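Below you'll find the structure, written out as structure tokens, and then a few comments.
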Ligand SMILES: Cc1cc2nc3c(=O)[nH]c(=O)nc-3n(C[C@H](O)[C@H](O)[C@H](O)COP(=O)(O)OP(=O)(O)OC[C@H]3O[C@@H](n4cnc5c(N)ncnc54)[C@H](O)[C@@H]3O)c2cc1C
């Protein structure tokens with residue numbers, strides 16, 4: 001197994017040169033103290049955690065998995081010690097509200113850190129990421145009293161959070177949930193019901209687990225409009241918010257046996273009259289939960305991208321060492337029995353496809369994270385509103401497109417190792433299994449595509465897309481003067497034209513036939529994802545070319561980026577034409593078969 005190396009060079013380049021984080025952070029009061037030195041120091045420390053603390057327990061955690069005996073869940077060996085180390089470093093409260101003991105760091109900084117943690121050990125990272133999402137939701141929607149009760153300990157990492165939405169009969173369609181919340185005289189609620197697939201629902205890492213649970217009051221309106229959000233601790237609390245020593249009626253029924261992320265406890269959770277408190281307004285639970293979901297969805301793209309990068313590192317090293325066959329242009333290592341497989345164009349195709357997608361995926365996740373920061377910290381209302389629109393449009397793409405590409409890249413990495421990729425020794429087989437879930441949880445990718453096409457595009461009459469296209473126009477106008485960019489910018493102009501055209505046509509067609517939205521949605525999400533990767537590569541080039549021409553910076557790193565971008569434009573971007581054709585094909589062939597004909 002190859003050790004995980006945190007991709008600090010690429011991350012720092014994106015942070016400082018492409019997104020110019022220092023200028024942006026300096027311009028917003030809430031982030032003014034996040035200086036370049038601080039950013040570098042935090043990223044370097046995070047890289048050490050990824051490489052030295054959690055990567056070494058990745059493979060063993062996969063082999064051992066989580067165990068559940070009589071409702072007591074044990075994480076794999078080493079997880080408890082690593083978690084204790086992780087929280088001692090203050091990582092659990094990195095992005096948390098300062099008033100409650102968090103460190104107030106921006107998402108642009110935490111997103112590449114999440115990528116590193118996921119790349120090093122996705123199972124371990126999930127305990128941390130779920131907690132961050134839960135604290136965000138409490139921070140945004142809970143009362144001061146609840147925030148005071150829960151946030152400080154969750155920021156310390158002494159308590160971790162979960163997200164309890166799914167029930168056996170209600171996954172995508174949460175309007176059907178049956179978990180009940182009965183109001184009590186003291187203002188709290190008694191929660192009863194069973195949730196399934198709950199990540200980190202039970203474990204042995206912390207003294208308490210704080211569940212964010214969707215439930216309905218007995219007289220709630222039917223469907224999604226009757227859902228409320230509750231905070232429910234596993235262990236009961238006294239009036240001061242300390243552990244009361246009483247169990248709160250929250251039990252783990254089982255841990256799922258699953259394809260990957262085996263060190264992450266995926267639990268059936270039974271709430272048996274557990275005491276909970278309302279978070280936000282009654283019947284607004286689903287929209288309040290979206291705070292968590294927006295962040296978690298971005299994280300799912302980061303998970304796959306991190307794992308893809310881990311596979312790339314192994315595959316690139318392997319391709320340099322593994323000797324099989326001769327180069328078509330004659331022996332490259334005549335002294336040896338054969339040449340390294342890196343000489344073969346098809347192996348290069350695979351490696352470059354990985355590299356091009358991973359770097360663009362990382363940049364897209366950071367771009368989306370930046371919009372979340374502007375929405376949270378910017379003093380100007382117009383800027384915040386524009387960022388909100390971009391977040392709404394970008395999140396389903398950053399979740400679905402990045403997780404699809406991430407999984408594919410893990411499979412591609414496995415392919416580069418041939419049969420050695422299929423066996424467990426090298427770790428790339430585990431990456432395939434661990435990456436697969438990101439396409440499914442937090443809303444299956446088909447649902448993300450539907451959200452993008454239906455709610456975010458057709459319902460908004462293309463307004464959110466127009467905001468993004470204007471951002472691209474501004475970039476193009478600014479990049480015209482960068483020496484060497486003129487040859488690349490037409491790629492984005494073409495993409496913009498394509499996406500404008502199909503957007504208008506789907507909106508028009510959906511007026512007569514609502515099935516046109518779902519029929520176009522997946523290919524549309526992929527076309528927007530490809531367009532955004534194109535935009536990201538151009539933004540990278542606009543930062544790389546001036547440095548290359550001036551002879552400043554790390555020339556091999558910079559020229560490697562230019563060559564990878566050129567590969568992307570020549571060999572991956574043309575797939576956009578096929579996606580346009582797929583979108584134009586409409587709903588007819590999809591809906592033609594009767595149920596019996598399937
Ligand atoms: C390992 C793991 C961890 C998880 N962690 C959590 C967690 O922490 N908390 C939590 O609450 N849940 C969690 N989940 C649940 C996860 O979010 C759901 O499995 C997921 O949202 C899909 O729901 P479902 O499985 O019920 O599939 P369904 O909703 O039954 O969907 C099945 C298929 O039908 C498609 N589909 C469904 N409805 C529509 C529609 N209206 N239009 C078009 N297509 C549709 C979907 O895209 C999907 O392909 C986890 C699941 C797993 C496996």
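We did not get these values from a lab; they are worked out from the coordinates using the rules stated. What you see is a predicted model; the values in this text were computed from it and never measured. FYI the Cβ positions are ideal-geometry reconstructions off the backbone, even for glycines, and counts take in every protein chain you see.
When only alpha carbons are used to place a centre, segment 562-598 and segment 91-128 end up 35 Å from one another.
Cβ-to-Cβ counts within 10 Å put 282, 393 in ascending order as 282, 393, the fewest first.
Multiplying the residue separation of residue 481 and residue 463 by 0.36 nm and subtracting their alpha-carbon distance yields 3.6 nm. Looking at segment 224-354, the pairs of alpha carbons with a distance over 20 Å make up 71% of the total. Axis of helix 489-512 versus longest Cα principal axis of the chain: the two differ by about 50°, to the nearest ten degrees. Computed on the Cα atoms alone, the convex hull of segment 322-421 gives a volume of 119 cubic angstrom per residue.
Multiplying the residue separation of residue 168 and residue 570 by 0.36 nm and removing their Cα-Cα distance gives an extension gain of 140.1 nm. In this label model, residue 176 and residue 219 are separated by 2.8 nm, measuring between points 7 Å along each Cα→Cβ vector. Using all pairs of distinct alpha-carbon atoms, the Kirkwood hydrodynamic radius of segment 144-266 works out to 15.5 angstrom.
By how many degrees, between 0 and 90 and to the nearest 10, does the Cα long axis of helix 144-156 differ from the longest principal axis of the chain? For 144-156 against the chain, the angle is about 50 degrees. The Kirkwood radius of the chain, taken over pairs of alpha-carbon atoms, gives through the Stokes-Einstein law at 25 °C and 0.890 mPa s a diffusion coefficient of 98 µm² s⁻¹.
DSSP beta bridges fully contained in the chain are about 85 percent antiparallel. All distinct Cα pairs of segment 446-598 go into the 1/r average, and the inverse of that average, the Kirkwood radius, is 17.0 Å.
Peptide packing for 289-301, 111-123, 49-61 was compared via the average number of neighbouring C-beta atoms within 10 Å per residue; ordered from the highest value, the list is 111-123, 289-301, 49-61. Available extension along the chain between residue 385 and residue 329 is 14.5 nm, counting 0.36 nm per residue and deducting the alpha carbon span. All Cα-Cα distances of segment 337-390, cut into 10 Å bins from zero to the largest, leave 22, 26, 19, 15, 12, 5, 1 percent in each bin in turn. The angle between the Cα long axis of helix 285-321 and the longest principal axis of the Cα atoms of the chain comes to about 40 degrees, rounded to the nearest 10.
Once each part is reduced to its C-alpha centroid, what is the distance from segment 251-316 to segment 412-454 in angstrom? Going from one Cα centre to the other spans 16 Å.
Show that you can apply the helix-only estimate: for the chain, add -39,500 (n - 2.57) for every DSSP H stretch of four or more residues, divide by all residues, and state [θ] at 222 nm to the nearest 500. After summing the helix terms and dividing by residue count, I get -17500 deg cm²/dmol.
Comparing Cα centroids, segment 13-28 and segment 341-391 end up 14 angstrom apart.
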